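One structure below.
The values are calculated or read from the model by the stated rules, or taken from the named source; none is laboratory data. Keep in mind that this is a model prediction, so the values were computed, not measured. Neighbour counts are summed over all protein chains in view; Cβ atoms, including those assigned to glycine, are modelled from backbone coordinates with ideal geometry. Heads up: the accessible areas ignore ligands, DNA and RNA and are worked out on the full protein's heavy atoms, side chains in. Shrake-Rupley method; radii C 1.70, N 1.55, O 1.52, S 1.80 Å.
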Amino acid sequence: MNLYDAHNHLQDAWLTPHRPRVFADLAAAGVRRVVVNGTCETDWPEVAALAHENSVVLPSYGLHPWDAGNRTSDWQKNLLSHLDAHSSHSSPPSHSLRAGIGEIGLDRWILDRARPDDPRLAGLRRAPVTEQTEVFLWQLALAAERNLPASIHCLDAFGLLHDLLRAAPLPARGFLLHAYNGPAEMVKNFTDLGAYFSFDGAFLAPRHARLRELYAALPADRLLVETDAPAMRLPASLEKFSLPPAADGSAVNHPANLAATYAALAQLRGVSLESLATQVEKNFLRLFAV
Ligand SMILES: [Zn+2]
């Protein structure tokens, strides 16, 4: 059985001390490819290095809405040079994808609901929605122009996201709404535009019953699975792999917990693990074309 993580951040400093163990565990768990998302100009070189060292890594480069306010004046040039560094390799053949665009998106939560002292947002200038929109649309246009898979983050801005996606050119291959947690009524609208949706292990927490229902009903051909590691831990009782906490005491999600997320999602949808894995493999390869 081949497993695919549609969205994570293996470049994160929380995982750096554990890298050899993490990659060994991923291989042992049957994880064939992982989409590693850069989020800011300073972590793009880390993503590139990981992709160079590990064939399991499919790199993706983007400016995350949390980081949009701290971008340099060279951010577009930097992004293009990371993408072009992958596409200038003489092999593999030209239809094979070397890098995607992401993580990009929109986030009103950091503006309206996040605590002012949230440690994850320390030192970040929180870009207003108009500025986030500008940064998002530039990256989306690039994904459309090059037909690259775009990995999209959205919190508290689904109406705006839908309006923007409806009016913008989109990648012909589709795009990913990672850890989609928007209204169930909007799933059809996004699906019609080419969306895929990735189920995150953190949705297995008791308080996310609404999301489990939503993912149980999603069209099978748009379903993906993700860890968002090292963030978004599964409930501890479901974790098969664990890592020590980060230096600041934060819990760290081991990306090989992807296997447990697949198993739980199969149960939710009332299908065998094998048939879920076969379907998700088809979807992953269709969107990411690796
Ligand atoms: Zn992410």
Explain nothing, just compute: Karplus ³J(HN,Hα) = 6.51 cos²θ - 1.76 cosθ + 1.60, θ = phi - 60°, for every residue of region 242-252 in order, whole Hz, x for Gly and Pro. 9, 10, x, x, 5, 4, 8, x, 5, 5, 10
So which lysines pass the test for LYS282, namely a Cα distance under 29 Å, with those fewer than 8 places away in the same chain ruled out? LYS188, LYS240
Can you tell me the length gained on complete extension of the stretch ASP192 to ALA27, counting 0.36 nm per residue apart and subtracting the Cα distance? 55.9 nm
Once the Cβ-Cβ distance between ALA122 and SER272 is put in as r, and R0 is 41 Å, what FRET efficiency do you end up with, to the nearest 0.05? 0.40
Averaged per residue, what accessible area in Å² does the chain show with a 1.4 Å probe, protein chains only? 43
Expressed as a whole-number percentage, the relative contact order of the chain with C-alpha contacts under 8 angstrom and at least six residues apart is 20
Label-point separation (nm) for SER87 and SER237, each offset 7 Å from Cα along Cα-to-Cβ? 4.9
Round to the nearest 0.05 the FRET efficiency obtained for GLU213 and ALA247 when R0 = 41 Å and r is the Cβ-Cβ distance. 0.65
In whole angstrom, how far apart do the alpha carbon centroids of region 250-274 and region 1-33 sit? 14
Pulled fully out, how much extra length does the chain show between ALA205 and ASP74, if you take 0.36 nm times their separation in residues and subtract their Cα-Cα distance? 43.1 nm
Taking 2.2 N^0.38 Å as the expected size of a compact globular protein, what ratio does the Cα radius of gyration of the chain give against it, to two decimals? 0.93
For region 75-208, what is the largest minus smallest coordinate of the Cα atoms on each principal axis, given in angstrom and ordered from greatest to least? 47, 36, 30
